[in-house]
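These notes concern the structure reproduced below.
The values are calculated or read from the model by the stated rules, or taken from the named source; none is laboratory data. In this text the structure is predicted, and so the values were computed from the model without any measurement. All Cβ positions, even for glycine, are placed from backbone atoms using ideal geometry, and neighbour counts span all protein chains on display. To get the accessible areas, we keep the full protein, side chains included, count just its heavy atoms, and leave off ligands, DNA and RNA. Shrake-Rupley method; radii C 1.70, N 1.55, O 1.52, S 1.80 Å.
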Amino acid sequence: MIRRLLPAFLLLAAVTACLVYFSLAASYQGFSNQVILDFPKGTSTQGMADELAEAGVIRFAWQFLLLRALRPTARLEAGEYLFSHADTPRNIFTRIARGDVFFYELVVPEGSNMFDIATSLARFDFLKPADFLNAARKPALIHDLAPHAPTLEGYLFPSTYRITRATTEQQLCVMMTAQFRKHWRDLEGSRPPDASVNDTVTLASMVEKETAVPDERRIVASVYDNRLRKGMTLDCDPTTIYAALLQDRYRGAIYRSDLNSDSAYNTYRHAGLPPGPIANPGLASLKAALTPAETDYFYFVAKADGSGGHHFSRTIEEHNLAVQKYRRATSRQPDPPTAPPPSRHGSKRTKR
């Protein structure tokens, strides 16, 4: 009897094995909209299998458990995973074993300050803007390179960062300062051996905020360099704005009280560079700060043609004429229906 049934049992086992094999290699999608599953650290294989099956990522939980039995040494990585299309249980298991976690993108534009970055973090429910600012105000991450840096401002390098739910505010600061270090090393051949990191980055941040025109960066840097050599105040509007931001009183424009502020960042009241950067400059502005153009300009004022460019002057008389021209041109322009947002590069005040 057993001998007669044995072929049938073997055939059944072979058929079952084939079905199981094809089941693990067959694509399946039991969801209509994309699925994001978060597996916290410590989640068991059974827990992952149940969540995958319940979300319709795999047809049966046992498929994932079987793959685990077939690959006992694989390490299943915790994290957040995005599933957007039909896939096989085998590929799903491989993705989790590989740690192919879902990344969020954080874009930090050139010229952003730490307050801008904190605001951009509000769209992520796993990062707190206030905690980021607390981390950014502690300069320990950069003190070996810039011992006089008052905060991490200037060293949170503008770039696109991939973050996960496991990323903390402190880790984000580490990522951003690591990017700065990389680019600073790349500039080693073009920077003077005695260049102060903090002074260079501070000047670069002012250049970044003053002009968005690439060809002007080295010229703007030369204006500030010339004024520093003469002991003149820098009269940089963005530094005055930053002083107001630090005191939580910036109102979208520069007021007389801002110009009269005793803040060390107010370059209308204090000669020399401010204590530290006022924003996070990009690579081009860092290069401009390291190698200013050779000019005899001491003043500049915005052009009224909407180009974002500036008129540069050698003397106060020439500068005053440029200011008058700018004011005549802007006074003829109709008022916009609504007030525009504050310029990233400061107000339209004149350098004097």
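Can you tell me which residues in the stretch 228-254 are part of a loop (DSSP other than H, G, I, E, B), aliphatic (A, V, I, L, M) and modelled with pLDDT of 95 or more? Of everything in the stretch 228-254, those that are part of a loop (DSSP other than H, G, I, E, B), aliphatic (A, V, I, L, M) and modelled with pLDDT of 95 or more turn out to be Met232, Leu234. How about the stretch 308-325: which of its residues are open to solvent by less than 40 Å² (accessible area, probe 1.4 Å), part of a strand (DSSP E or B) and over 22 Å from Glu110 (Cα atoms)? Once the filter is applied, which keeps residues that are open to solvent by less than 40 Å² (accessible area, probe 1.4 Å), part of a strand (DSSP E or B) and over 22 Å from Glu110 (Cα atoms), the stretch 308-325 yields Phe312, Ser313. When the stretch 229-273 is limited to residues that are in contact (Cβ under 8 Å) with a residue 24 or more places away in the chain and open to solvent by 60 Å² or more (accessible area, probe 1.4 Å), the one that is farthest from the chain's Cα centre (by Cα) turns out to be Lys230.
Contact annotation: residue pairs with Cβ atoms under 6 Å, 6 or more positions apart or on different chains, pairing a residue in the stretch 69-97 that is touching a residue at least 12 places away in the same chain (Cβ under 8 Å) and on the phi < 0 side of the Ramachandran plot with a partner that is among the polar types (S, T, N, Q) and open to solvent by 40 Å² or more (accessible area, probe 1.4 Å), are Ser84/Gln34; Ala86/Ser27; Ala86/Gln29; Asp87/Ser27; Thr88/Ser27.
All told, Arg98 falls short of being open to solvent by 60 Å² or more (accessible area, probe 1.4 Å) and in contact with a strand residue (DSSP E or B) (Cβ under 6 Å, 6 or more places away or on another chain).
Here is a yes/no grid of residues against (1) β-branched (Val, Ile, Thr); (2) open to solvent by 60 Å² or more (accessible area, probe 1.4 Å); (3) within 26 Å of the chain's Cα centre (by Cα); (4) at pLDDT below 90:
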residue	(1), (2), (3), (4)
Pro275	no, no, yes, no
Ala293	no, no, no, no
Gly306	no, yes, no, yes
Asp335	no, yes, no, yes
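Identify, please: which residue in the stretch 117-172 is assigned to a helix (DSSP H, G or I) and under 15 Å from Trp184 (Cα atoms) and is, among those, least open to solvent (accessible area, probe 1.4 Å)? Can you show your working first?
Step one: of the stretch 117-172, the residues assigned to a helix (DSSP H, G or I) are 117-123, 129-136, 139-142, 169-172.
Add one more test, that the residue is under 15 Å from Trp184 (Cα atoms), and what stays is 141-142.
Details: Leu141: 49, Ile142: 0 Å².
Among those residues, the one meeting the criterion is Ile142.
Take the conditions (1) within 29 Å of Thr73 (Cα to Cα); (2) surrounded by 14 or more Cβ atoms within 10 Å (Cβ to Cβ); (3) aliphatic (A, V, I, L, M); Ala86 misses just one of them, which is (2).
Please determine, by comparing only the residues of the stretch 66-83 that are aliphatic (A, V, I, L, M) and buried (at least 16 other Cβ atoms within 10 Å of the Cβ), which one is farthest from the chain's Cα centre (by Cα). Out of the qualifying residues, it is Leu66.
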